[in-house]
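*Asks:* My questions will all concern the structure given below.
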Amino acid sequence: DKILFIITKSENGGAQKWVKEQTEILAESFDIYIVTDEEGWLVQNTKSKNYLTDKNIRKKFSLSFLLKFSNFLKEKNRVYTYYWTQLHELIYKRHIQTNWFYRYVKHSKISNIFLGVNSVKWLNSITPQYERHILLDALIDLKLVFFILRDYVRLFFKARRLTKRVKDFFIYEAPINCWPFLQEDWYGSISSRWLINRIFEINMIEKIISRLPPQRKGFFLMENQPWEMALIYFWNRRKIHGRIIGVPHSAIRFWDLRYFFDKREYEDKKRCPLPMPDYVAVNGPVAFNMLREAGFPEEKLLKVEALRYLYLDDALQLKEKNRQGKRNLLVLTDYVEDITKAQLGFIKEYLDTIEAYYNIIIKPHPNCAITFREYPFLVNRIVDKPLSQLLKSADIVFTSNHTAASIEAYCLKIPVISVWDPHMPNIGPLRGIDAVHYISTSRQLVDILKRLHSSSHNKKNKYIPFFWIDKDIPRWKKVLLD
């Protein structure tokens, strides 16, 4: 988020001192911008490097100032997304012609599709001409609605006929009917809402790809969702575009079957090959080795920096060293309510013992709220600060087995304790890394916390690099520019 302060004079005075105090309070959470008359007291005494000075600001009306101010806003209001981070800077520096496509997802700040459309219009008004932003959901028209309804009617009746046949679903040369295991997924995939959403995505992607002029390269956030298959299919069908590259934006988990297929699927000689990207840009040695060992063609794997985690390079240098006495136990809860309850229940059972060694700091998952009525001991322990800020002062991190936040703690060489039911597959992103402590009872949690607190058990574990991290993104430059 960004805040702009406009003040006509930069001299030492009451208003200027107030602005300086506000910038100091807000500096950790916001990017600060200042517009004033000259590089006087205010500019010299604030840490912000983003400022515009023009003496014409003192006039009641100045066309030259308005033009200069407008250019300043365009220059500073660059798009910066959580997924692509430093890549935006490279695009701006090289003035690379880009088209950005978005899907609308309901958010507290953009609560409906109309606000989404206006937000994208605003983006186009403040960004350079070589950068275009398009909301796919805004492309719907009567013609597209007709195609969606036509395809839905066709698929609905075909699915009903197929249902009678798939109820006898036997694996080749095996006497086991698999229909009871697949029944729920089958009916879910042909249900009205799910089916219409998929048909909408297919028609929408076909429409936008058919309008696109030849593109040198295409990149998409890769999770192997149905819309990705449609994108790859229509991109290749036109035969005018360059390579299309899938980009897994976070860790690839061993049990995340979306990323793994039968080795025969990677052969492109079949009659109906599975739509696959030309390359997959992997962000670290762990993901690279996992895909290669699963049979993914190594020549189609591109090594790139982990854009979402570039901040870890600086964070590791700024990490506070362990202090004597009480240390900080950072608890990162899960989006699944039962797992969050298990984590908090473990802490509640041995609260006094844990507090003898640690300051407990709890950051709830945004999709799973915690109520003080059920956990009154959490008062004054819950924080709502960015994870990157909390990790700087954390000595131990206690997480669920699902969360990718455990990776960030591990990359900062912070001991990680993770809740895991040993009777279930380990679906955590740090599976196979010895430095992680897995627990399933409150007693195990307390024992590990005590061991980690003692100096004799506070030795550094062998660290295995998880991501490729370099803020200069040399690997990405090679992929994007070559």
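*Asks:* Suppose we filter segment 257-271 for residues that are crowded, with 16+ Cβ neighbours inside 10 Å and either in contact with a Ser or Thr (Cβ under 7 Å, 6 or more places away or on another chain) or assigned to a loop (DSSP other than H, G, I, E, B) (or both); how many remain?
*Replies:* Residues that pass the stated criteria total 1.
*Asks:* Identify all residues within segment 278-313 that are assigned to a loop (DSSP other than H, G, I, E, B) and closer than 30 Å to Leu387 by Cβ; write none if there are none.
*Replies:* Matches in segment 278-313: Asn283, Gly284, Ala294, Val304, Glu305, Ala306, Leu310.
*Asks:* If Glu265 satisfies every condition in (1) touching a Leu at 6+ places or on another chain (Cβ under 8 Å); (2) modelled with pLDDT of 90 or more but one, which is the exception?
*Replies:* Among (1) touching a Leu at 6+ places or on another chain (Cβ under 8 Å); (2) modelled with pLDDT of 90 or more, Glu265 violates only (2).
*Asks:* Out of the residues in segment 158-175 meeting the condition of being at negative phi and surrounded by fewer than 10 Cβ atoms within 10 Å (Cβ to Cβ), tell me which one is modelled with the highest pLDDT.
*Replies:* That would be Arg161.
*Asks:* Could I ask something else about it? Looking at segment 10-21, I want the residues that are in contact (Cβ under 8 Å) with a residue 40 or more places away in the chain and have a partner that is surrounded by 13 or more Cβ atoms within 10 Å (Cβ to Cβ) and assigned to a helix (DSSP H, G or I) with Cβ atoms under 7 Å, at least 6 apart or on another chain. Which pairs are those?
*Replies:* Taking only residues 6 or more apart or on different chains, the pairs are Ser10/Gln16; Ser10/Trp41; Ser10/Leu42; Ser10/Val43.
*Asks:* Out of (1) of a type outside the set (A, V, I, L, M); (2) in a loop (DSSP other than H, G, I, E, B); (3) under 17 Å from Glu299 (Cβ atoms); (4) modelled with pLDDT of 90 or more, what's the single condition that is false for Gly246?
*Replies:* All conditions are met except number (2).
*Asks:* Answer yes if at least one residue in segment 389-396 is modelled with pLDDT of 85 or more, crowded, with 21+ Cβ neighbours inside 10 Å and assigned to a strand (DSSP E or B), and no otherwise.
*Replies:* Looking for residues that are modelled with pLDDT of 85 or more, crowded, with 21+ Cβ neighbours inside 10 Å and assigned to a strand (DSSP E or B), one finds at least one in segment 389-396, hence yes.
*Asks:* Among Ala287, Ala230, Ala281, which is the only one that is over 30 Å from Pro474 (Cβ atoms) and surrounded by 14 or more Cβ atoms within 10 Å (Cβ to Cβ)?
*Replies:* Criteria check complete, one pass: Ala230.
*Asks:* Could you tell me whether any residue of segment 452-466 is within 22 Å of the chain's Cα centre (by Cα), surrounded by 17 or more Cβ atoms within 10 Å (Cβ to Cβ) and within 20 Å of Asp256 (Cβ to Cβ)?
*Replies:* Yes - at least one qualifying residue is present in segment 452-466.
*Asks:* Any chance segment 193-210 includes a residue that's part of a loop (DSSP other than H, G, I, E, B) and either of a type outside the set (S, T, N, Q) or loosely packed, with under 15 Cβ neighbours inside 10 Å (or both)?
*Replies:* So far as segment 193-210 goes, no, none of its residues is part of a loop (DSSP other than H, G, I, E, B) and either of a type outside the set (S, T, N, Q) or loosely packed, with under 15 Cβ neighbours inside 10 Å (or both).
*Asks:* Since Leu274 meets every condition but one in (1) within 20 Å of the chain's Cα centre (by Cα); (2) in a loop (DSSP other than H, G, I, E, B), which condition does it not meet?
*Replies:* Failing condition for Leu274: (1).
*Asks:* Residues to consider are Lys321, Lys413, Lys363; find the one that is among the basic types (Lys, Arg), at pLDDT below 85 and under 22 Å from Tyr311 (Cα atoms).
*Replies:* From the options Lys321, Lys413, Lys363, the qualifying one is Lys321.
*Asks:* Another one. In segment 121-155, what count of residues is obtained for those that are closer than 23 Å to Asp185 by Cα and either surrounded by 15 or more Cβ atoms within 10 Å (Cβ to Cβ) or among the acidic types (Asp, Glu) (or both)?
*Replies:* Summing the residues that are closer than 23 Å to Asp185 by Cα and either surrounded by 15 or more Cβ atoms within 10 Å (Cβ to Cβ) or among the acidic types (Asp, Glu) (or both) in segment 121-155 gives 4.
*Asks:* Moving on to the next point. Output the qualifying pairs, or none if there are none: Cβ atoms under 9 angstrom, residues six or more apart or on different chains, first residue in segment 87-101 and under 12 Å from Gln129 (Cβ atoms), second residue exposed (fewer than 14 other Cβ atoms within 10 Å of the Cβ) and at pLDDT 85 or above.
*Replies:* The qualifying pairs are His95/Tyr130; Gln97/Tyr130; Gln97/Arg216; Thr98/Tyr130.
The values are calculated or read from the model by the stated rules, or taken from the named source; none is laboratory data. The model shown is predicted, which means the values in this text are computed figures rather than measured ones. As a convention, Cβ positions derive from the backbone with ideal geometry for all residues, glycine included, and neighbour counts pool all protein chains shown.
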